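This report refers to the structure that appears directly beneath it.
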Amino acid sequence: MSTFYLFEAAAGLALFQCDSIDETNVKSKQIQKQFSEFGQFTEVCHLKAFQPFVSAEIALNNALSIHSGSVTQELVDFLSTNLPPVGKKSNFSIAICDKGLAAGLQQYLNLKSKMNEATAQVFRGIRTHFVEFLRNEDFKERDYIQAQLGLAHQVSRNKVKLDINREDKHVTQAISIIEQLDKDLNTLSMRIKEWYSWHFPELAKIVTDNRIFTRIVDTYGDKKNINDQALQEIEEITTDAELAKQIVEASKISMGQDISEIDLSTLKDLCIRVLNQFEFRDNIQEYLKNKMTNIAPNLTALIGENVAAKLIAHAGSLINLAKYPASTIQILGAEKALFRALKTRGNTPKYGLLYHSTYIGRANGTDKGKISRNLANKCAIASRLDHFLIQPTEKFGIKLKDQMEQRLKFLTAGGELNKNTDIMDEVLTELKGEGLYFESEKQLTKQQKKSKKSKSKKVVEEVLEQPEEQPQEAPKKKRKSSKQQ
């Protein structure tokens with residue numbers, strides 16, 4: 001019984017035929033030595049057919065289809081041309097490298113494939129001597145290396161392109177910048193407070209907000225300028241009348257020392273830079289909010305854009321977060337504490353990054369673990385909805401947020417709780433009623449085409465309904481009578 005070996009290379013499809021191989025003794029040193037030498041390996045295995053890829057696109061499609069376990073038309077034509085006819089009395093088998101091809105070969109060609117340790121050893125020999133087999137095809141080792149390199153670059157580009165619609169990499173960078181800016185702004189604001197406290201020490205105790213403190217220092221500088229005439233402007237900065245009065249009263253009885261013009265100008269330059277960084281942080285925060293509403297609307301509606309972005313950044317991507325179970329999401333960010341607890345056999349942490357959400361802070365001390373566990377469950381549902389929905393919507397996240405509010409009330413005062421299935425059915429019926437529910441991308445594209453056609457029809461109807469403006473006749477010019485001289 002002969003065995004055919006299907007070898008998918010970067011340069012093309014190859015079919016080898018091996019007749020006299022003892023599969024039971026394939027691991028012996030004698031057979032492995034025979035496979036390592038090309039002359040002896042050709043005695044048991046020879047090249048039956050080779051079909052090179054005509055273009056790089058065909059090679060890429062073939063590699064991607066093999067990776068996903070599907071069979072291309074080129075592979076079906078190649079095997080049907082070079083294999084013996086398949087029937088009840090057919091006395092051959094086909095060996096493959098990838099398990100995913102087995103179902104496709106059975107469906108399209110009615111071929112039963114095999115894959116075991118013996119075939120793996122034969123494929124290792126084929127891979128080693130593949131260039132030697134193609135000597136008659138005017139194929140050199142340099143060409144094969146170039147084909148492998150080109151196909152590797154194309155597959156890498158394709159994988160990167162698949163992540164364009166899910167722009168979670170930008171979210172990771174944005175939340176990292178915000179965290180770094182918060183640290184830098186906190187450090188610089190504390191430096192401004194320490195510096196200005198030599199001149200006006202009472203202000204740091206009255207104004208606790210770093211941004212308002214920096215604006216007051218930048219606007220007025222010397223404490224002598226903070227008087228009753230500036231009370232209204234200080235109220236606009238602090239948005240608190242009582243606080244503004246306290247600042248003015250404290251400036252009158254301040255015990256701080258005088259400050260020179262040179263020191264004050266340098267301090268004001270620092271305040272300008274810090275205020276610019278505050279504005280830049282606001283812009284980054286707005287950018288992150290818009291990104292998160294597009295990428296993960298349900299997760300953002302549930303826990304806010306900052307905590308949701310931190311979870312995505314810690315997981316690496318949205319698809320990784322969607323793969324995590326709720327127990328893993330619960331302790332994301334607390335890995336060190338978890339392994340320390342496992343090592344010392346202590347209590348494991350109840351929460352990680354989810355501690356920054358408002359739900360855990362509002363819960364009682366004994367209920368924080370329950371709320372964290374329940375919130376991790378909702379985050380797992382929301383992240384999977386955001387990744388797998390064809391047209392993402394935040395309605396699921398809003399309902400999950402209502403569930404969390406019900407859970408908080410239930411732990412304190414009791415009451416009824418809605419089930420996840422009831423909420424999902426309610427949102428689905430609402431989406432179906434609004435025409436926003438799609439089971440496949442084809443339905444979405446059809447709906448988009450219909451909406452475009454309806455919009456174009458409305459524009460045409462509006463243009464036709466407008467009254468036509470009649471062109472005004474130009475005034476006739478009077479001819480001047482030419483005088484004969």
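The values are calculated or read from the model by the stated rules, or taken from the named source; none is laboratory data. As the structure is a computational prediction, the values presented were derived from the model and not from experiment. Every residue, glycine among them, receives a Cβ derived from its backbone with ideal geometry; neighbour counts consider all protein chains shown. Ligands, DNA and RNA are stripped out before the accessible areas are found, and what is left, the full protein with its side chains, is counted by its heavy atoms. Shrake-Rupley method; radii C 1.70, N 1.55, O 1.52, S 1.80 Å.
Quick notes on this one:
- Within segment 287-314, the set of residues being open to solvent by less than 50 Å² (accessible area, probe 1.4 Å) and more than 16 Å from Gln173 (Cβ to Cβ) comprises Pro297, Asn298, Leu299, Thr300, Ala301, Leu302, Ile303, Gly304, Val307.
- Qualifying residue in segment 51-60 (condition: touching a Ser or Thr at 6+ places or on another chain (Cβ under 9 Å), closer than 27 Å to Arg157 by Cα and open to solvent by 40 Å² or more (accessible area, probe 1.4 Å)): yes
- Within segment 82-120, the residues that satisfy the criterion of being in a helix (DSSP H, G or I) and over 16 Å from Glu8 (Cα atoms) are Ala103, Gln106, Gln107, Tyr108, Glu117, Ala118.
- Within segment 1-28, restricting attention to residues that are touching a helix residue (DSSP H, G or I) at 6+ places or on another chain (Cβ under 9 Å), modelled with pLDDT under 70 and not in a helix (DSSP H, G or I), the residue that is surrounded by the fewest Cβ atoms within 10 Å (Cβ to Cβ) is Ser20.
- Of the helices (runs of 4 or more DSSP H) lying entirely inside segment 272-364, those containing at least 2 residues that are of a type in the set (S, T, N, Q) are 297-303, 326-330.
- Of all the residues in segment 390-434, those that are of a type in the set (A, V, I, L, M, F, W, C), farther than 29 Å from Ile319 by Cβ and assigned to a helix (DSSP H, G or I) number 4.
- Scope segment 320-347; condition at pLDDT below 90, open to solvent by 40 Å² or more (accessible area, probe 1.4 Å) and in contact with a Ser or Thr (Cβ under 9 Å, 6 or more places away or on another chain); matching residues: Leu342
- Ile31 vs. criteria under 43 Å from the mean Cα position of the chain (by Cα), of a type in the set (A, V, I, L, M), in a helix (DSSP H, G or I) and at pLDDT below 85: no
- Residue list for segment 390-408, filter: over 21 Å from Gly361 (Cβ atoms) and open to solvent by 60 Å² or more (accessible area, probe 1.4 Å): Gln391, Glu394
- Filtering segment 170-180 to residues that are open to solvent by 20 Å² or more (accessible area, probe 1.4 Å) and of a type outside the set (S, T, N, Q) leaves His170, Ile177, Glu179.
- Flag if Ser251 is among the hydroxyl-bearing types (Ser, Thr, Tyr), farther than 29 Å from Thr358 by Cβ, open to solvent by less than 50 Å² (accessible area, probe 1.4 Å) and part of a helix (DSSP H, G or I): yes
- Reported count of residues in segment 82-129, each being exposed (fewer than 14 other Cβ atoms within 10 Å of the Cβ), within 41 Å of the chain's Cα centre (by Cα) and of a type in the set (Gly, Ala, Ser), is 2.
- Some residue of segment 382-389 being assigned to a helix (DSSP H, G or I), open to solvent by 20 Å² or more (accessible area, probe 1.4 Å) and aliphatic (A, V, I, L, M): yes
- Within this structure, Leu188 passes the test of being open to solvent by 10 Å² or more (accessible area, probe 1.4 Å), under 20 Å from Asp282 (Cβ atoms), at pLDDT 90 or above and in a helix (DSSP H, G or I).
- Hey, Gln257 out of contact with any helix residue (DSSP H, G or I) (no Cβ under 7 Å at 6 or more places or on another chain) and free of Cβ contacts under 8 Å to residues at least 40 places away in the same chain or not: no
- Residue within segment 147-162 that is within 30 Å of Ser383 (Cβ to Cβ) and surrounded by 12 or more Cβ atoms within 10 Å (Cβ to Cβ) present: yes
- Check on Lys48, farther than 24 Å from Tyr144 by Cβ, open to solvent by 30 Å² or more (accessible area, probe 1.4 Å) and either at pLDDT 80 or above or not in a strand (DSSP E or B) (or both): no
- Test result for Lys350, buried (at least 16 other Cβ atoms within 10 Å of the Cβ), basic (Lys, Arg) and modelled with pLDDT under 90: yes
- Given (1) farther than 21 Å from Leu318 by Cβ; (2) open to solvent by less than 30 Å² (accessible area, probe 1.4 Å), index of the condition Thr358 fails: (2)
- Count of residues meeting criterion [assigned to a loop (DSSP other than H, G, I, E, B), modelled with pLDDT of 90 or more and open to solvent by less than 90 Å² (accessible area, probe 1.4 Å)] in segment 191-225: 5
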